[in-house]
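Trainee: Take this structure first; my questions come after.
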Amino acid sequence: MHEYSVVASLIDLCEENAKKHNAKEVQKVVVAIGERSGMDKSLFISAFETFREESIFCKNSILEILDEKVELECKDCGVVFYPKELLYGECIKCGSSRLEIIKGKEMHLMSLELLQEEDL
Ligand SMILES: [Zn+2]
């Protein structure tokens with residue numbers, strides 16, 4: 001499943017960051033999931049819960065998911081806009097259908113809360 005491989009690399013990224021900052025633990029992971037990423041949020045959460053069991057740093061991490069709206073750019077007039085609902089048929093300015101999704105297709109790691117050694 002797509003979610004599982006994404007979460008696996010997310011956990012890797014968290015661990016790398018934790019090591020880099022000499023953290024004891026990752027307390028909180030904040031991610032943004034694009035509404036057109038094709039990712040199922042509940043699958044994402046269950047994948048996270050599965051993977052964090054095997055991670056030294058993420059075992060007790062809290063996962064927070066933010067929604068990222070789709071943002072479109074018109075290839076003809078260059079206008080950037082958020083489409084209304086899920087209708088991204090044409091440009092709101094020039095009516096062109098040459099639109100590119102520039103945001104909302106991926107999952108991003110937004111922030112991490114790390115627990116440092118001295119906090120214990
Ligand atoms: Zn346009």
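All of the numbers you see were taken from the coordinates with simple rules; none came from a lab. Please read all numbers here as calculations on a predicted model, not as lab measurements. We place every Cβ from the backbone using ideal geometry, glycine too, and count neighbours over all the protein chains shown.
Trainee: Step by step: first the residues of the range 45-86, then only those that are part of a strand (DSSP E or B) and among the aliphatic types (A, V, I, L, M), then the one that is farthest from residue 5 (Cα to Cα). Which residue is that? Give the steps one after another, and end with the answer.
Mentor: Residues of the range 45-86 part of a strand (DSSP E or B): 62-68, 71-74, 80-81.
Then drop every residue that is not among the aliphatic types (A, V, I, L, M), which leaves 62-63, 65-66, 72, 80.
Working: 62: 19, 63: 17, 65: 17, 66: 19, 72: 27, 80: 31 Å.
So, considering only residues that are part of a strand (DSSP E or B) and among the aliphatic types (A, V, I, L, M), the one farthest from residue 5 (Cα to Cα) is 80.
Trainee: Sort through 75, 103, 84 and tell me the only one that's free of Cβ contacts under 8 Å to residues at least 12 places away in the same chain and of a type in the set (D, E, K, R).
Mentor: Numbers: 75 fails: free of Cβ contacts under 8 Å to residues at least 12 places away in the same chain; 103 fails: free of Cβ contacts under 8 Å to residues at least 12 places away in the same chain.
Going through 75, 103, 84 in turn, just one is free of Cβ contacts under 8 Å to residues at least 12 places away in the same chain and of a type in the set (D, E, K, R): 84.
Trainee: Another question, if that's okay. Select from the range 87-113 the residues that are hydroxyl-bearing (Ser, Thr, Tyr) and part of a strand (DSSP E or B) and list them in ascending order. Break it down into steps so the answer makes sense when it comes.
Mentor: Applying the first criterion (hydroxyl-bearing (Ser, Thr, Tyr)) to the range 87-113 yields 88, 96-97, 111.
Correct list: 111 only.
Trainee: Could you check the range 29-69 and list, in sequence order, the residues that are in contact with a Ser or Thr (Cβ under 8 Å, 6 or more places away or on another chain) and of a type in the set (Lys, Arg)?
Mentor: Of everything in the range 29-69, just one residue is in contact with a Ser or Thr (Cβ under 8 Å, 6 or more places away or on another chain) and of a type in the set (Lys, Arg), namely 52.
Trainee: Another question, if that's okay. Looking only at the range 1-26, count every residue that is out of contact with any strand residue (DSSP E or B) (no Cβ under 7 Å at 6 or more places or on another chain) and closer than 18 Å to residue 37 by Cβ and tell me the total.
Mentor: Within the range 1-26, residues that are out of contact with any strand residue (DSSP E or B) (no Cβ under 7 Å at 6 or more places or on another chain) and closer than 18 Å to residue 37 by Cβ number 9.
Trainee: For the subset of the range 1-42 comprising residues that are part of a strand (DSSP E or B) and over 12 Å from the mean Cα position of the chain (by Cα), which member is farthest from residue 116 (Cα to Cα)? Before you say what the answer is, go through the steps one by one.
Mentor: We begin by selecting, within the range 1-42, every residue part of a strand (DSSP E or B); these are 23-34.
Then drop every residue that is not over 12 Å from the mean Cα position of the chain (by Cα), which leaves 23-28.
Details: 23: 4, 24: 5, 25: 7, 26: 9, 27: 10, 28: 13 Å.
So the residue we want is 28.
Trainee: If you don't mind, another one. Scanning the range 60-92 for residues that are within 16 Å of the ligand (Cβ to nearest atom) and exposed (fewer than 13 other Cβ atoms within 10 Å of the Cβ), which turns out nearest to the chain's Cα centre (by Cα)?
Mentor: For the range 60-92, the residue satisfying everything is 82.
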